[in-house]
Amino acid sequence: MAKPVSTPAWVALVVALIASLGAVVAALVSGLVVVSPSSRILSPSPGETVGRTPRISGELGGIADTLHVWLAIRLDDRMWLKEPEIPIGSRKWTSQIALGVSGRAFALRLLAVSPAGQEFIEEWLERGRRTAEYPGLTHIPGAVLLDEVDGLVPSDTVEPGRVRDRDR
């Protein structure tokens, strides 16, 4: 015969269930529901040398249709989003971006973004179009990192360590 569960064990179980439910509700409210994400960057590979306008490829899976997907260049603690936005309608995708990074290794990020984050991105892009300046971002509200390829090396070494904001 099974032993009855003690009161402290029941309390611990209930607390754990409430905490888990709270995390699910918070994700639903924020719009950042990524169901079993299987999204990734397939090319380039970590440590690869890339030209000024590399072709990036990947696959998307488990992305809620309320989200937006973006590529971003990460250099140190800053990010620069790269147009165009990646459409979530098909599993495989390819995008060609203007790099805007010279002389230093960088990372390429794949991000899922909530509607609020999308609004932030659109404002950042519009401000950049008006001013021809795209300051690096340290945070994008409502963004979830899906994948990152690190150690990419630009083939252009003319301007070491500089991010050319105008070359988005």
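Laboratory data are not the source of any read-out in this text; all were calculated from the coordinates shown. Predicted model only: the values in this text are computed from it and were never measured. Every residue, glycine as well, gets a Cβ built from its backbone with ideal geometry; the counts of neighbours run over all protein chains shown.
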Contour excess over end-to-end distance, with Cα ends at residue 107 and residue 52 and 0.36 nm allotted per residue: 18.4 nm
Which of 104, 78 comes first, and how do the rest follow, when ranked by fewest Cβ neighbours within 10 Å? 78, 104
Which FRET efficiency value, to the nearest 0.05, is calculated for residue 45 and residue 130 with the Förster distance at 41 angstrom and r the Cβ-Cβ distance? 0.65
Would you mind classifying the stretch 40-167 by shape? Square roots of the alpha carbon gyration tensor eigenvalues, ordered a ≥ b ≥ c; an a/c under 1.5 is rounded, otherwise it is prolate if a/b is larger than b/c and oblate if not. oblate
For the residue pair residue 64 and residue 145, what label-to-label distance in nm results when each label sits 7 Å from Cα along the Cα-to-beta-carbon direction? 2.1
Of 106, 120, how do they rank once you tally other Cβ atoms within 10 Å and put the fewest first? 120, 106
